[in-house]
Amino acid sequence: MPPLRLFYALWPDATLAQTLSDWTAQARLHSHGRPMRPETLHMTLAFLGSVEKDIADELIDATPYHRLQPGTVTLDRYGVFSRPGILWAGPERTPDSLQASHDGLWLWLSAFGFVPPAQPFRPHVTLLRNIERNDPPADAPPPIAWHYDRMVLVASEATDGGSRYRVVAQSRPQPV
(Lines give C-alpha, C1' and ligand atoms only; values in the text may rest on other atoms or scores of the structure.)
Protein backbone atom coordinates (compact mmCIF):
# COMPACT_ATOMS: atom_id res chain seq x y z
CA MET A 1 0.00 0.00 0.00
CA PRO A 2 1.36 3.47 -0.85
CA PRO A 3 2.33 5.91 1.91
CA LEU A 4 -0.30 8.26 3.33
CA ARG A 5 0.18 12.03 3.27
CA LEU A 6 -0.70 13.01 6.85
CA PHE A 7 -1.04 16.06 9.08
CA TYR A 8 -2.41 16.90 12.53
CA ALA A 9 -4.80 19.83 12.78
CA LEU A 10 -7.46 21.64 14.70
CA TRP A 11 -10.70 21.11 12.78
CA PRO A 12 -13.50 23.69 13.00
CA ASP A 13 -17.11 22.77 13.62
CA ALA A 14 -19.66 23.70 10.92
CA THR A 15 -20.48 27.10 12.44
CA LEU A 16 -16.84 28.14 12.67
CA ALA A 17 -16.16 26.84 9.15
CA GLN A 18 -19.01 29.02 7.86
CA THR A 19 -17.62 32.07 9.66
CA LEU A 20 -14.21 31.37 8.12
CA SER A 21 -15.90 31.08 4.72
CA ASP A 22 -17.35 34.56 5.30
CA TRP A 23 -13.81 35.81 6.04
CA THR A 24 -12.73 34.15 2.78
CA ALA A 25 -15.43 35.92 0.76
CA GLN A 26 -14.45 39.30 2.20
CA ALA A 27 -10.73 38.71 1.54
CA ARG A 28 -11.37 37.52 -2.00
CA LEU A 29 -12.76 40.95 -2.94
CA HIS A 30 -9.30 42.35 -2.19
CA SER A 31 -6.88 39.52 -3.01
CA HIS A 32 -8.82 37.42 -5.54
CA GLY A 33 -7.46 33.86 -5.68
CA ARG A 34 -9.03 30.44 -5.26
CA PRO A 35 -11.09 30.01 -2.08
CA MET A 36 -10.65 26.93 0.06
CA ARG A 37 -13.75 24.77 0.34
CA PRO A 38 -15.41 25.06 3.78
CA GLU A 39 -14.92 21.33 4.44
CA THR A 40 -11.14 21.72 4.00
CA LEU A 41 -10.59 24.61 6.41
CA HIS A 42 -8.30 23.72 9.32
CA MET A 43 -5.33 24.88 11.40
CA THR A 44 -2.32 22.62 10.89
CA LEU A 45 -0.43 21.67 14.05
CA ALA A 46 2.05 19.27 12.43
CA PHE A 47 2.55 18.39 8.78
CA LEU A 48 4.08 14.92 8.49
CA GLY A 49 4.12 14.46 4.71
CA SER A 50 4.32 10.96 3.22
CA VAL A 51 4.14 8.36 5.97
CA GLU A 52 4.66 4.63 5.42
CA LYS A 53 1.59 2.48 6.10
CA ASP A 54 2.97 0.78 9.24
CA ILE A 55 3.83 4.11 10.93
CA ALA A 56 0.52 5.62 9.75
CA ASP A 57 -1.34 2.70 11.37
CA GLU A 58 0.58 3.26 14.62
CA LEU A 59 -0.34 6.97 14.58
CA ILE A 60 -3.99 6.18 13.87
CA ASP A 61 -4.06 3.78 16.83
CA ALA A 62 -2.15 6.12 19.19
CA THR A 63 -3.85 9.44 18.36
CA PRO A 64 -6.95 8.90 20.55
CA TYR A 65 -4.62 8.62 23.56
CA HIS A 66 -2.62 11.80 22.91
CA ARG A 67 -4.66 14.44 24.68
CA LEU A 68 -4.57 18.06 23.63
CA GLN A 69 -4.74 20.70 26.36
CA PRO A 70 -8.00 22.61 25.77
CA GLY A 71 -7.63 26.25 24.83
CA THR A 72 -8.78 29.15 22.72
CA VAL A 73 -7.10 30.85 19.81
CA THR A 74 -8.51 34.15 18.56
CA LEU A 75 -8.34 34.66 14.81
CA ASP A 76 -8.18 38.42 14.41
CA ARG A 77 -6.17 39.23 11.30
CA TYR A 78 -5.42 38.34 7.73
CA GLY A 79 -1.91 37.50 6.63
CA VAL A 80 -0.11 36.49 3.44
CA PHE A 81 2.53 33.94 2.55
CA SER A 82 3.82 35.63 -0.60
CA ARG A 83 5.88 32.87 -2.19
CA PRO A 84 3.12 30.25 -2.31
CA GLY A 85 0.45 32.95 -2.87
CA ILE A 86 -1.66 32.16 0.20
CA LEU A 87 -3.93 34.44 2.19
CA TRP A 88 -4.72 33.22 5.71
CA ALA A 89 -6.55 34.06 8.92
CA GLY A 90 -4.68 33.82 12.19
CA PRO A 91 -3.99 35.27 15.60
CA GLU A 92 -1.95 38.41 16.19
CA ARG A 93 -0.17 36.46 18.92
CA THR A 94 0.10 32.69 19.38
CA PRO A 95 -1.50 31.75 22.72
CA ASP A 96 0.93 30.06 25.12
CA SER A 97 -1.42 27.07 25.46
CA LEU A 98 -1.52 26.53 21.68
CA GLN A 99 2.27 26.84 21.43
CA ALA A 100 2.63 24.31 24.26
CA SER A 101 0.22 21.92 22.51
CA HIS A 102 2.19 22.27 19.27
CA ASP A 103 5.51 21.68 21.04
CA GLY A 104 4.09 18.73 23.01
CA LEU A 105 2.74 17.17 19.83
CA TRP A 106 6.15 17.34 18.15
CA LEU A 107 7.80 15.90 21.25
CA TRP A 108 5.33 12.99 21.14
CA LEU A 109 5.87 12.57 17.37
CA SER A 110 9.63 12.34 17.89
CA ALA A 111 9.05 8.87 19.38
CA PHE A 112 7.77 7.87 15.92
CA GLY A 113 10.87 9.31 14.22
CA PHE A 114 9.46 12.66 13.11
CA VAL A 115 11.50 15.86 13.36
CA PRO A 116 9.83 19.26 13.83
CA PRO A 117 10.26 21.88 11.11
CA ALA A 118 13.02 24.46 11.52
CA GLN A 119 10.68 27.44 11.09
CA PRO A 120 8.65 28.68 14.07
CA PHE A 121 5.00 27.70 14.48
CA ARG A 122 2.67 30.25 12.88
CA PRO A 123 -0.91 29.17 13.49
CA HIS A 124 -3.17 30.02 10.58
CA VAL A 125 -6.08 28.86 8.45
CA THR A 126 -5.49 29.04 4.70
CA LEU A 127 -8.43 30.86 3.11
CA LEU A 128 -7.26 31.62 -0.45
CA ARG A 129 -4.64 30.16 -2.78
CA ASN A 130 -3.12 31.73 -5.90
CA ILE A 131 -3.81 35.27 -4.69
CA GLU A 132 -3.11 38.20 -6.99
CA ARG A 133 -1.94 40.65 -4.30
CA ASN A 134 0.78 40.19 -1.69
CA ASP A 135 -0.76 42.58 0.81
CA PRO A 136 -3.59 41.34 3.03
CA PRO A 137 -6.84 43.27 3.37
CA ALA A 138 -6.36 46.07 5.90
CA ASP A 139 -9.44 45.22 7.95
CA ALA A 140 -10.39 41.76 9.13
CA PRO A 141 -13.95 40.93 10.17
CA PRO A 142 -14.74 40.75 13.91
CA PRO A 143 -12.39 38.37 15.76
CA ILE A 144 -13.28 34.69 16.01
CA ALA A 145 -12.65 32.82 19.27
CA TRP A 146 -11.87 29.21 18.36
CA HIS A 147 -12.28 26.94 21.38
CA TYR A 148 -10.56 23.59 20.90
CA ASP A 149 -10.19 20.45 23.00
CA ARG A 150 -8.97 17.88 20.49
CA MET A 151 -6.97 17.45 17.32
CA VAL A 152 -7.46 15.29 14.27
CA LEU A 153 -5.10 13.23 12.14
CA VAL A 154 -5.92 13.86 8.50
CA ALA A 155 -4.99 12.02 5.31
CA SER A 156 -4.67 14.26 2.27
CA GLU A 157 -5.63 12.43 -0.92
CA ALA A 158 -5.08 13.82 -4.41
CA THR A 159 -8.14 13.84 -6.66
CA ASP A 160 -8.92 15.36 -10.06
CA GLY A 161 -10.64 18.26 -8.30
CA GLY A 162 -7.77 18.98 -5.87
CA SER A 163 -6.97 17.53 -2.47
CA ARG A 164 -9.56 15.68 -0.45
CA TYR A 165 -9.09 15.52 3.31
CA ARG A 166 -10.18 12.51 5.33
CA VAL A 167 -10.04 12.47 9.13
CA VAL A 168 -8.50 9.11 10.06
CA ALA A 169 -8.21 9.59 13.86
CA GLN A 170 -8.86 12.15 16.55
CA SER A 171 -7.68 12.72 20.07
CA ARG A 172 -10.09 12.50 22.96
CA PRO A 173 -10.87 15.61 24.98
CA GLN A 174 -9.35 15.98 28.44
CA PRO A 175 -11.58 14.53 31.17
CA VAL A 176 -13.51 17.18 33.06
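The values are calculated or read from the model by the stated rules, or taken from the named source; none is laboratory data. Since we're looking at a predicted model, the values are computed, not measured. Positions of Cβ are generated from backbone atoms using ideal geometry, with glycine treated the same way; all protein chains shown enter the neighbour counts. Quick note on the areas: whole protein, heavy atoms, side chains included, nothing else; ligands and nucleic acids left out. Shrake-Rupley method; radii C 1.70, N 1.55, O 1.52, S 1.80 Å.
Tabulated data
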{"read-out": "Segment 1-65 - convex hull of alpha carbons, volume per residue in Å³", "value": "114 Å³"}
{"read-out": "Relative contact order of the chain, defined on C-alpha pairs under 8 angstrom at six or more residues apart (%)", "value": "35 percent"}
{"read-out": "Charge dipole (debye, nearest 20) of the chain; +1 at Cβ of Lys and Arg, -1 at Cβ of Asp and Glu", "value": "280 debye"}
{"read-out": "Centroid-to-centroid separation of segment 1-63 and segment 127-176 [C-alpha atoms, Å]", "value": "4 Å"}
{"read-out": "Kyte-Doolittle mean at least -1.0, axial Cα span of 15 Å or more - DSSP H helices of the chain", "value": "14-31, 96-110"}
{"read-out": "Among 44, 82, 167 - extreme Cα towards positive end, dipole of the chain, charges at beta-carbon", "value": "82"}
{"read-out": "Within the accessible area of segment 1-95 (1.4 Å probe), percent carbon and sulfur", "value": "52 percent"}
{"read-out": "Computed Kirkwood radius, in angstrom, where 1/r is averaged over Cα pairs of segment 81-176", "value": "16.3 Å"}
{"read-out": "Isotropically averaged projected area of the chain, using the convex hull of Cα atoms (one quarter of hull area), nm²", "value": "10.6 nm²"}
{"read-out": "Extension reserve of the residue 37-residue 135 stretch, reckoned as 0.36 nm per residue once the Cα distance is removed", "value": "33.1 nm"}
{"read-out": "Reciprocal of mean inverse Cα separation for segment 34-133 (Kirkwood radius, Å)", "value": "15.3 Å"}
